Amino acid sequence: MKNLYFTLFALLLTFTACNDEVTNPNDPPLPSTGDKTDFQKMVIDYGLTTFQKVMADEEDNVLVSPLSLESALYMAMNGTAGKTLEEFRTALKADEFYPDGLNAFYKELVKDLDPKNNSTKLGLANTVFYDESKVTFHDEFEEIIKDVFDGDFNQADFRDAASVDIINDWAKDNTEERIKKILNEIKSDEALFLINALYFTATWERGFEPTYTSKEEFTTEDGTTISVDMMASDDVRRFYQGNDYSAVDLKFSDDEYSMTFILPENDQRTLDFVNGFSEEAFYDFYTDLYENKLIENRIMIRVPKFEIEANKNMNDILMEMGLETAFNDADLSKMGTFNGGRTYFSRVLHDTFLKIDEKGAEGAAVTTVGVGVESVPPSIDFNRPFLFIIRHVKTNTPIFIGKLGDPS
C-alpha cells in the first residue's frame with residue numbers, strides 16, 4: 001500500500017547571554033484557569049491566526065503546521081519568566097494558561113492524536129541542541145522537556161562546522177528525509193536550538209484511480225491559466241455546495257483524520273475568505289458541514305495533484321502576535337544560566353512539505369469509478385485557488401492548514 005506523505009519541521013533558536021532579571025527556577029508554578037476545552041480552542045485559535053498572518057503575504061501557495069509550531073513554542077515558553085512569559089501567553093492565545101497547566105493538556109493532546117490504526121502515522125520528535133560552553137540548563141527545565149515533550153538534549157560544539165550537519169541530519173532522520181536541510185550556519189552568538197519535527201502519513205479511505213488523472217486547466221488568482229494533473233473521483237462523499245463556498249471532506253482510512261478542501265465562491269479571494277475565519281467560525285464551519293449543510297451522496301470531484309515545499313521565518317509574525325520584545329531582550333531565567341549578557345530569540349524557522357496524489361487509498365477509487373446511474377452527479381472542480389485543512393476529527397486539532405494557488 002502506498003501512502004501520502006506530509007512532513008513538517010519547525011525550529012526555534014536563541015542567542016547566548018544572561019538576562020539581568022533572575023527568576024528562581026524552583027518557584028511554584030503559576031496557576032492556570034483553563035480546562036481541556038479551553039486548551040483545544042486555544043490550539044485552534046492560534047493555528048487559524050497564524051495561517052491568516054502567513055496568508056497576508058499573498059503568496060501563491062501557503063502551508064503551515066500549527067501543531068509543530070505550537071510544540072516548539074511551548075517548549076520555549078517553559079523557559080521564560082516575567083514579561084517574556086506574558087508575551088508568549090499573548091502570542092499563543094494562552095490567556096487562561098501558564099506553562100504548568102498547558103503542559104498537562106499538551107501531553108494529553110499528543111496521546112489523543114496518536115493514530116490507533118497502522119494506516120496512519122503521526123510522528124512528533126522534540127530535541128534541544130546546545131553548546132555547553134554557553135548554557136547550563138536548570139534541572140526542572142530538563143525534566144519538563146523530557147517528561148512532557150519526550151525530548152532529549154544533545155551537546156555540540158557550535159564552533160565546529162560539523163554541528164550544522166549533525167542538526168540537519170537529525171531533521172532529515174525525523175522527517176523521513178523530506179526535510180533535508182534547515183540550517184546553513186550557526187551564528188557565533190547562538191547558544192541552543194529548540195526543535196520540533198512532525199511527520200504525518202495516511203491513506204485515503206476512498207482514493208483516486210490514477211488512470212482517470214488527466215491534464216486540465218487551473219486558473220490562478222491573477223487570471224493565468226496553467227495545465228495541471230487533475231485527479232478525478234466519482235464516488236459517494238460528504239460535501240457541501242452553496243453560494244458562499246463549496247467543500248468536500250475526505251476521510252483517511254483510519255477514520256481519525258480527514259482533509260477538507262474548501263473552494264470559496266468564484267468572485268471571492270481566498271484571503272478574504274480566510275480572514276472571516278475565527279476559532280468560533282472554525283467550529284461553526286464543521287458543525288454546519290456535519291450537522292446542517294454537509295450531505296453524503298454521489299459527487300464528482302476534481303482535485304489537482306500537488307506538492308508544496310515552503311520555508312518561513314516567523315519572527316515578524318510572532319512579533320505581530322505578541323512577542324514584542326522577546327527577539328531583542330528575553331527573560332529565559334527558567335531555562336538555565338547563560339554565559340554572556342542579554343538573552344533573546346534570534347529566529348523561528350518553519351519548513352514544510354506536503355504531497356497529495358492518488359496514492360491515498362488502496363483500491364478505494366476503483367470501486368467508485370464508472371458507476372452507472374441515470375443522471376449526471378453534481379461536481380466540484382478545484383480548478384482555481386482553494387484552501388485545505390488536515391485535522392484530527394475528534395479534537396478538531398489542525399495538523400496542516402494551507403492554500404493552493406499554483407499547483408505547478
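Among the residues of the range 113-125 satisfying the criterion of being assigned to a loop (DSSP other than H, G, I, E, B) and charged (D, E, K, R), which is surrounded by the most Cβ atoms within 10 Å (Cβ to Cβ)? Talk me through it step by step, then tell me what you get.
The initial filter retains those residues of the range 113-125 that are assigned to a loop (DSSP other than H, G, I, E, B), namely 114-120.
Now narrow it down to the ones that are charged (D, E, K, R): 114, 116.
Details: Asp114: 14, Lys116: 8.
My answer is Asp114.
Could you pull out the residue among Val110, Val128 that is in a helix (DSSP H, G or I), within 22 Å of the chain's Cα centre (by Cα) and either in contact (Cβ under 8 Å) with a residue 12 or more places away in the chain or closer than 30 Å to Thr203 by Cα (or both)?
Working: Val128 fails: in a helix (DSSP H, G or I).
Step by step, each of Val110, Val128 is checked, and only Val110 is in a helix (DSSP H, G or I), within 22 Å of the chain's Cα centre (by Cα) and either in contact (Cβ under 8 Å) with a residue 12 or more places away in the chain or closer than 30 Å to Thr203 by Cα (or both).
Does the range 302-325 contain at least one residue that is of a type in the set (A, V, I, L, M) and surrounded by fewer than 16 Cβ atoms within 10 Å (Cβ to Cβ)?
Of the range 302-325, the ones of a type in the set (A, V, I, L, M) are 303, 308, 310, 314, 317-319, 321, 323.
From what is left, the residues that are surrounded by fewer than 16 Cβ atoms within 10 Å (Cβ to Cβ) are none.
No.
Take the residues in the range 91-107 that are among the acidic types (Asp, Glu) and outside any helix (DSSP H, G or I); name whichever of them is farthest from Gly340 (Cα to Cα).
Among those that are among the acidic types (Asp, Glu) and outside any helix (DSSP H, G or I), it is Glu96.
For the range 390-408, enumerate the residues that are open to solvent by less than 10 Å² (accessible area, probe 1.4 Å) and closer than 21 Å to Gly123 by Cβ.
Within the range 390-408, Ile390, Arg391, His392, Thr395, Thr397, Pro398, Ile399, Phe400, Ile401, Gly402 meet the criteria.
From the list Tyr290, Tyr286, pick out the single residue that is under 27 Å from Ser65 (Cβ atoms) and either at pLDDT 80 or above or open to solvent by less than 40 Å² (accessible area, probe 1.4 Å) (or both). First the steps, then the outcome.
On the way: Tyr290 fails: either at pLDDT 80 or above or open to solvent by less than 40 Å² (accessible area, probe 1.4 Å) (or both).
From the options Tyr290, Tyr286, the qualifying one is Tyr286.
Quick one: count up the residues across the range 138-157 that are over 24 Å from the mean Cα position of the chain (by Cα) and open to solvent by less than 20 Å² (accessible area, probe 1.4 Å). Please lay out each step first, then the result.
Here is the first cut: in the range 138-157, the ones over 24 Å from the mean Cα position of the chain (by Cα) are 138-143, 154-157.
Imposing the further condition that a residue be open to solvent by less than 20 Å² (accessible area, probe 1.4 Å) reduces the set to 141, 156.
Looking only at that region, the number is 2.
Taking Phe88 as the residue in question, decide whether it is within 30 Å of Lys172 (Cα to Cα), open to solvent by less than 20 Å² (accessible area, probe 1.4 Å) and assigned to a helix (DSSP H, G or I).
Details: within 30 Å of Lys172 (Cα to Cα): yes; open to solvent by less than 20 Å² (accessible area, probe 1.4 Å): yes; assigned to a helix (DSSP H, G or I): yes.
Judged against the criteria, Phe88 is a match.
Across the range 326-344, which residue is most open to solvent (accessible area, probe 1.4 Å) among those that are at pLDDT below 85 and farther than 19 Å from Val128 by Cα?
Among those residues, the one meeting the criterion is Arg342.
Please work out if Glu265 is among the charged types (D, E, K, R) and free of Cβ contacts under 8 Å to residues at least 40 places away in the same chain.
Taking the combined requirement at face value, the residue satisfies it.
For Glu265, only one of the following conditions fails: (1) open to solvent by 60 Å² or more (accessible area, probe 1.4 Å); (2) under 23 Å from the mean Cα position of the chain (by Cα). What is its number?
(2)
For the range 158-244, give me every one of the strands (runs of 3 or more DSSP E) that falls completely inside it and has 1 or more residues that are in contact (Cβ under 8 Å) with a residue 24 or more places away in the chain and open to solvent by 60 Å² or more (accessible area, probe 1.4 Å).
Details: elements: 190-202, 214-219, 225-241.
It comes to 214-219, 225-241.
Just one of (1) at pLDDT 85 or above; (2) in contact with a Phe, Trp or Tyr (Cβ under 8 Å, 6 or more places away or on another chain) trips up Asp189, so point out which.
Result: Asp189 fails condition (1) only.
Out of all the residues in the range 63-83, is one or more at pLDDT 65 or above and open to solvent by 30 Å² or more (accessible area, probe 1.4 Å)?
Filtering the range 63-83 down to residues at pLDDT 65 or above leaves 63-83.
Checking which are open to solvent by 30 Å² or more (accessible area, probe 1.4 Å) leaves us with 82-83.
Scanning the range 63-83 turns up at least one residue that is at pLDDT 65 or above and open to solvent by 30 Å² or more (accessible area, probe 1.4 Å).
The values are calculated or read from the model by the stated rules, or taken from the named source; none is laboratory data. These figures come from a predicted structure and were not determined experimentally. All Cβ positions, glycine included, derive from the backbone under ideal geometry; neighbour counts span all protein chains shown. To get the accessible areas, we keep the full protein, side chains included, count just its heavy atoms, and leave off ligands, DNA and RNA. Shrake-Rupley method; radii C 1.70, N 1.55, O 1.52, S 1.80 Å.
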